[in-house]
Amino acid sequence: MRTIKAVTDTPCAIGFGINKPEHAKAMTMFADGAIVGSAIVKIIEEHGENSNIPLYNYVKSMKAAISG
């Protein structure tokens, strides 16, 4: 990430193995953002059509980790 940020002002995000709030928080030391994919897919897989509340809570916890 340091190499990439040294040659561009474009915001950079990391997206491998980010599935817990503490992972996202740790990435703020290196990146401008965190990409979460598999964890969201797993929530949808587990809850199906009732995933709106679990997804909301998950995303809220991730945002809180990187914001505060």
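Quick note: the coordinates plus some simple rules give every number you see, no bench work behind them. This is a predicted model, so every value here is computed, not measured. All Cβ positions, even for glycine, are placed from backbone atoms using ideal geometry, and neighbour counts span all protein chains on display.
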**Message:** Please list, in order along segment 46-59, the HN-Hα scalar couplings obtained from phi with the Karplus expression 6.51 cos²θ - 1.76 cosθ + 1.60 (θ = phi - 60°), rounded to whole Hz, x for Gly and Pro.
**Reply:** 6, 9, x, 5, 9, 8, 4, 5, x, 5, 4, 4, 5, 5
**Message:** Give me the one-decimal Kirkwood hydrodynamic radius in Å for segment 2-67, with the sum taken over alpha-carbon pairs.
**Reply:** 12.8
**Item:** segment 60-67 - phi-based ³J(HN,Hα) in whole Hz, Karplus 6.51/-1.76/1.60, Gly and Pro as x
**Value:** 4, 5, 5, 4, 4, 5, 8, 8
**Complete:** Expected sort for 6-17, 26-37, 51-62 on mean C-beta neighbours within 10 Å, highest first, is 26-37, 51-62, 6-17
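Could you calculate the contour length gain from residue 5 to residue 51, that is, 0.36 nm times the residue separation minus the distance between their Cα atoms, to one decimal place in nm?
Values: separation 46, 0.36 × 46 = 16.56 nm, distance 3.59 nm.
Using 0.36 nm per residue and subtracting the Cα-Cα distance, I get 13.0 nm.
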**Prompt:** Considering amide H positions built from the backbone, and no H for Pro or chain starts, which residues 5 or more places from residue 34, or on another chain, come under 5 Å of its amide H?
**Reply:** 14
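At 0.36 nm per residue, and after removing the present C-alpha to C-alpha distance, how many nm does the segment from residue 19 to residue 60 gain when stretched out fully?
Details: separation 41, 0.36 × 41 = 14.76 nm, distance 1.29 nm.
Answer, rounded to one decimal: 13.5 nm.
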